[in-house]
Amino acid sequence: MDFLRLKNYRCFEDTGNIPIKPLTLLVGSNSSGKSSFLKFFPLLKQSMSKKKRGLFLWTGHYVDFKDFQNILRKTRQESPQNPTTMEISFTLKNIQAIRRMRTRKTVIDKTQLTLVLSQEQEDEHYDKLDELVIKLPDQSITCIFNNDIATIKIGNLTSDNINEHIKFSMTNGLLPRFRFIKGNRMGEESNACIERLTAILEKYNHTTKTSANFFSYSLYTEIAPTKEQLKRMFLDKLGAKIQENDLNEVFDLLYFYNLNNIIDTINVNMFKLVDNIIYIGPLRKATERYYRFQNLAVDEIEPDGSNLAMFLYNLSQEKRTSLNNWISSIFDFKIDVKSDGGHVELNVIEKEKVEQNLIDVGFGYTQILPILVNVWKSLSMDTLHMTRDKELWEKDEHIIAIEQPELHLHPRMQAKLGLLLARVINEADKLQEDFRFIIETHSETLLNKIGELIALKEIKEDNVNVVLFNAKKEEMENEIELADYSEDGFLTNWPINFFAEDVD
C-alpha cells in the first residue's frame, strides 16, 4: 500500500494522499486524528473474511468505532451541513492475478482503489457502497451501485452500451461480485461481451477454432492485458492487423468480460494483505506473575499483548533462542519461559543481573515486549524466504501499526526502538520483503534517533516520512503536512518549537 487517502472520515475533511513508507511516523497534538488514521489498518483487518451488511465492520475485535454514523465526519456548528459520504482511496502494488480462484504468475504492477460509502437508507448505523473506482495500469473501471443494481463504465464502454442488466452482491472480501443478466441468461461473465467480440472477429475472417484460441489466449493468460498485447494476439492467433477502433473496443470488452476475475484478484490479494497487518494498541496489558496454562494454539498476539505468555510458551526451543538472540542484540535482555503445573511464568534475564519475574523489573518491559515479539514474529515466522522454491516465492507486504510505543520507556530505550526499526527495515529489504511501520508517537527522542540513523546511513531518508497532524495549529498551511528527513538527518518542513511547552 503506497498511500492512503481518507475523506469525511472521523475528523478529516480530506487527508490528501498520505504516503505509506517503510517507516511512517504520525505526530501531532492530542485529539488531532493520529489514532483515527492509524486505526484504519486494524479496521480493514477486522472487516475482511466476514459476511457483513455493509463494507466495513465498524465494531470488532481490533477497533470499536460504534457504527458508520459515528465515524462519518461531523462539521462544526457554524457549518451545519454534515457530509453524507465517505471516500477511501489506496493503492495496491504487485498483486498476483487470479483466474477462477487459481493463482497465475502474472502480476498487476499497480492498482488504485477508491470506495465511496454512504449511510444505508433503512438503518443509518450501516454503510453502503455507492461507487467503486478501480484504476489499473492501462484501464479504469467505475461501478455505481443503487440498491442491488450496478452500472459499470470501463473505458468508453458502459453496461447500457452492451444492453445487459447487472446485479451485485457483497462478499466476505472487500469488493462485491457481479451477475450479468440478458434475457433468460444469467452468469458471472458477460455473454453480451462475447457476442460483440465474436462480431468483431468475424471482420477478420476467423474460424470457430481460431476464435476459441483467441479467447483462450487473451482471457485466460492475461487478466489485465495492454493494447500492445492485444495487437500481438491478433497477429499471432488471427494473422491480422487489428484496426484502431476495433482494438479500443476489444480492449474494453475484455476487461468487461474479466470484471469478476479482476474483483477476485483484488479480494484475494487484500486477504493476503490483512493477514499481514499487525496492530499493537497504546496500552499493553499489565504483567501477571503467573499465567494459567491454556491448551490453545496461539498464532497471533492480541493488540494488548494479553496472550503473549501463551504465544511464547508455544514456541519451540529453537524459536525461543532465535527470539532471545534477536532481542538481546539491541536491548540487552532475554526472556525465559517457565512452566510449573498448570501455570506459565515469564522471567527477564538482564545483562549481569539475576533472573527475575517480569512483574518485578518495571512496567517498561511489559509495554515493549509485545512490540518486540510481534516484530520478530513478522520477520522470522510470517515471511516466505528465498531459500524456498523460487517459483512459489512472492514478495508480501507486512504492515505493523503501533500506537505510542514509547509509553513507560526510558529515553535510552526509546532510542533503541528507533535502532530496531532501522535494522528491521534493512533486514526486510535484504530478504526482499516489504515491511511498513506506521507509528503514532509523541517521542522527540524517537524522531531524533531516526534522524541520527539517517545521518549515519543506517537507514535511507527516502524510507521515512513524518506526518504532522493538526498542522494549522502550528501555523502551517494545511491540517495535515508531510515532513521529510534530509540526507543529513534533519527534518524539513518542520514547525519551530513543535515539542516545546505552550503555557501562558
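Laid out as a table, the results:
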| item | result |
| --- | --- |
| Peptides ranked, highest mean first, by Cβ atoms within 10 Å: ranges 284-290, 149-155, 249-255 | 249-255, 149-155, 284-290 |
| Dipole axis of the chain (+1 Lys, Arg; -1 Asp, Glu on Cβ), positive-most option in VAL250, SER89, LEU482 | VAL250 |
| Above-threshold pairs, the threshold being 27 Å between Cα atoms, out of LYS50/LYS93; LYS7/LYS50; LYS21/LYS430; LYS7/LYS51; LYS34/LYS460; LYS285/LYS473 | LYS285/LYS473 |
| Sequence of MET233, MET186 when ordered by accessible area, the most exposed leading, probe 1.4 angstrom | MET186, MET233 |
| Within the chain: Cβ-based charge dipole about Cα centre, in debye rounded to nearest 20 (Lys, Arg +1; Asp, Glu -1) | 1780 debye |
| Amide H contacts under 5 Å for LYS110, placed H, 5+ residues apart | ASN94 |
| Protein-only accessible surface order, largest first, of SER36, SER339 at 1.4 Å | SER339, SER36 |
| Charge sum, other residues only, whose C-beta stays under 12 Å from SER31's C-beta, Lys/Arg counted +1 and Asp/Glu -1 | +3 |
| For the chain: span of alpha carbons on each principal axis (Å, largest first) | 85, 61, 48 |
| Scattering curve values for segment 257-347, log₁₀ I(q)/I(0), Debye with Cα scatterers, q = 0.13, 0.21, 0.24 Å⁻¹ | -0.60, -1.14, -1.32 |
| HIS61, HIS165, reordered so the largest accessible area comes first (probe 1.4 Å) | HIS61, HIS165 |
| Anisotropy class of segment 231-388 from Cα gyration tensor, a/c 1.5 cut | prolate |
| Relative contact order computed over the chain (Cα-Cα under 8 Å; 6+ residues apart), in percent | 15 percent |
| Full-stretch length increase - LYS66, THR114 - with 0.36 nm per residue and alpha-carbon distance subtracted | 15.0 nm |
| Per-residue [θ]222 nm for the chain (sum of -39500 (n - 2.57) over DSSP H runs n ≥ 4, rounded to 500) | -9500 deg cm²/dmol |
| Cβ crowding within 10 Å averaged over residues, with 302-310, 346-354 ranked highest first | 302-310, 346-354 |
| Values of log10 I(q)/I(0), in the order q = 0.13, 0.18, 0.19 Å⁻¹, for segment 97-196 under a Debye, Cα-only, solvent-free model | -0.55, -1.03, -1.13 |
| Share antiparallel - DSSP beta bridges, the chain, percent rounded to 5 | 75 percent |
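The values are calculated or read from the model by the stated rules, or taken from the named source; none is laboratory data. Predicted model only: the values in this text are computed from it and were never measured. Glycine also receives a Cβ, built like all others from the backbone with ideal geometry; neighbour counts cover every protein chain displayed. Please note that ligands, DNA and RNA were not included when accessible areas were found on the heavy atoms of the full protein model with its side chains. Shrake-Rupley method; radii C 1.70, N 1.55, O 1.52, S 1.80 Å.
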